[in-house]
Amino acid sequence: MPPETGAIIPPGGTIGILGGGQLGRMLALAAAPLGYRTHIFAPEAELVAADVSAHVTRAAYDDKAALSAFAASVDVITYEFENVPSGTVAFLEGLKPVRPGHQALDVAQDRLAEKRFVEGLGGCTAPFRPVDSLADLEAGLAALGCPAILKTRRFGYDGKGQARIHASSDAAAALADLGGRDLILEGFVRFDAEFSIILARGPSGEERHFPACLNRHEGGILAESRVPARKLDPAHVEAATALVVRIADALGYVGVLACEFFACADGPVFNEMAPRVHNSGHWTIEGAETSQFEQHVRAICGLPLGPVGLRAPEVVMHNLLGQDIGQWPAILADPAAHLHLYGKSEAVPGRKMGHVTRLL
Ligand code: AMP
C-alpha cells in the first residue's frame with residue numbers, strides 16, 4: 001500500500017484514544033511532554049487513562065452521536081486495545097484520521113486471518129486449522145498431533161480463550177468450553193524462547209524498531225521482558241524484524257506495532273501481533289532513548305521518530321499482577337527500580353496492576 005499522506009498534527013493538538021486502560025494512561029502521560037492533550041473514549045466505569053487525560057467520553061462504542069462529538073474534538077484518533085469494534089473505527093475514519101487504521105484491526109482481531117496474512121508475506125507460523133465442529137477438531141488433531149492448542153479466533157488475550165489438548169479424548173470438552181465454533185487449532189511449538197519486535201512506522205513510511213526483547217510468560221500472561229536478548233540468534237532476530245517491516249508496509253501501518261515470536265532452532269515462528277503499544281515494550285520508558293509510548297505519539301502525529309538505543313547494558317521489566325502490587329515499598333527502596341502503578345482499584349488475581357523496570 002502507498003504511504004498515508006495525512007497531515008502532520010503539530011504539538012498543541014488533541015489525540016483521541018479509544019480505550020481507557022493502562023496503555024491509554026501511559027500514552028496520555030507520554031503525549032503531555034510533547035504538548036498534546038488526550039481525550040479518552042471508552043465505556044467502562046473505571047478508566048485509569050482518564051485520570052491523566054484532559055477529556056473523557058464515557059460511552060458505548062456504537063454510540064454514533066458520542067463518537068461524532070469525540071471525533072470533532074480531536075485531531076487524530078488511535079486505540080489502545082485491538083478489540084475495538086471494526087465498525088467503530090470505520091465510522092470514525094470518515095471523520096478524522098485513525099492511526100493505525102481498520103486494516104490492522106481486521107487482521108489482528110482474528111487469529112485465522114492473522115496467520116494467513118503473515119504466511120502470505122512469507123512468515124512462518126505454528127501449523128493451524130480452522131475449527132467449527134468436532135469433526136474439524138478431530139481432523140485437525142489427526143493432522144497436527146498432540147499436544148495442540150485450541151484458541152478462540154477472536155477476543156482472546158493473556159492466555160484467555162485457550163485450551164491445551166493433551167490427548168484426543170480431551171477434544172470434545174475443550175471444544176465445548178470454547179463455544180464450539182470460530183476456533184483455531186494450533187500445533188504445539190517447541191520453542192527455546194519467546195521474543196517480541198516492536199516497530200514504529202510514520203505516515204511517510206519512516207520506520208524504526210527497538211532492540212528485540214526476550215519475554216517469559218507464566219500461565220499465558222507476560223511475566224518478564226529482558227533486553228538485550230542475548231540468547232537469540234541475530235540472524236533469526238533479523239528475519240523476524242524483516243517480517244514485521246513487511247507486515248507494517250503491507251498494512252500501510254501508522255503507529256507502534258508489536259509482534260510476538262517463538263524462537264525455534266530453525267528460525268522465528270510468528271505468534272501474534274498487537275496493532276498498538278504492548279506490554280513487552282514497557283521497558284522502553286526508562287530503558288530506551290525514546291519510549292514506545294512517545295514513539296507512538298510521534299508516529300501518529302507525523303513527527304520524526306525518536307532514537308531507539310538502550311540506556312543501560314541490561315533492562316528488565318516485571319509485571320505486577322494482582323497482589324504483587326503490595327511489593328511497592330521494597331521496589332521503591334531499590335535504586336535500580338522504576339515503579340509504575342496503574343491506579344486500578346481492585347487487585348484481582350492475574351490483573352495487571354503495574355510494572356517495575358530495572359536498569360542493570
Ligand atoms: P497467545 O495468547 O496466543 O500469545 O498465547 C499465550 C502464550 O501461550 C504464548 O506466549 C506462549 O507462551 C503460549 N502459546 C501460545 N500458542 C502456542 C503454541 N502454538 N505453541 C506453544 N505455546 C504456545
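The values are calculated or read from the model by the stated rules, or taken from the named source; none is laboratory data. What you see is a predicted model; the values in this text were computed from it and never measured. Every residue, glycine as well, gets a Cβ built from its backbone with ideal geometry; the counts of neighbours run over all protein chains shown. In case anyone asks, the SASA skips ligands and DNA or RNA and just uses the protein heavy atoms, side chains included. Shrake-Rupley method; radii C 1.70, N 1.55, O 1.52, S 1.80 Å.
The figures follow:
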read-out	value
Condition met for V48 (touching a strand residue (DSSP E or B) at 6+ places or on another chain (Cβ under 6 Å), more than 30 Å from A242 (Cα to Cα), open to solvent by less than 50 Å² (accessible area, probe 1.4 Å) and in contact (Cβ under 8 Å) with a residue 60 or more places away in the chain)	no
Qualifying residues in the stretch 199-258 (those that are open to solvent by 50 Å² or more (accessible area, probe 1.4 Å) and part of a loop (DSSP other than H, G, I, E, B)) - the one nearest to the ligand (Cβ to nearest atom)	G219
Odd one out for H296 among (1) under 16 Å from the mean Cα position of the chain (by Cα); (2) under 30 Å from R190 (Cα atoms)	(2)
When residues of the stretch 265-285 are limited to those that are more than 15 Å from the ligand (Cβ to nearest atom) and among the aliphatic types (A, V, I, L, M), the one least open to solvent (accessible area, probe 1.4 Å)	V277
The stretch 210-228 residues that are under 15 Å from H278 (Cβ atoms) and of a type in the set (V, I, T), paired with ones that are open to solvent by 10 Å² or more (accessible area, probe 1.4 Å) and near the ligand (Cβ under 9 Å from one of its atoms) (beta carbon under 7 Å, 6 or more apart)	I221/D158; I221/G159
Failed criterion for A330 (all others in (1) of a type outside the set (D, E, K, R); (2) open to solvent by less than 50 Å² (accessible area, probe 1.4 Å); (3) free of Cβ contacts under 8 Å to residues at least 24 places away in the same chain hold)	(2)
Which listed residue is part of a loop (DSSP other than H, G, I, E, B) and out of contact with any Asp or Glu (no Cβ under 7 Å at 6 or more places or on another chain), from P329, P349, P307	P349
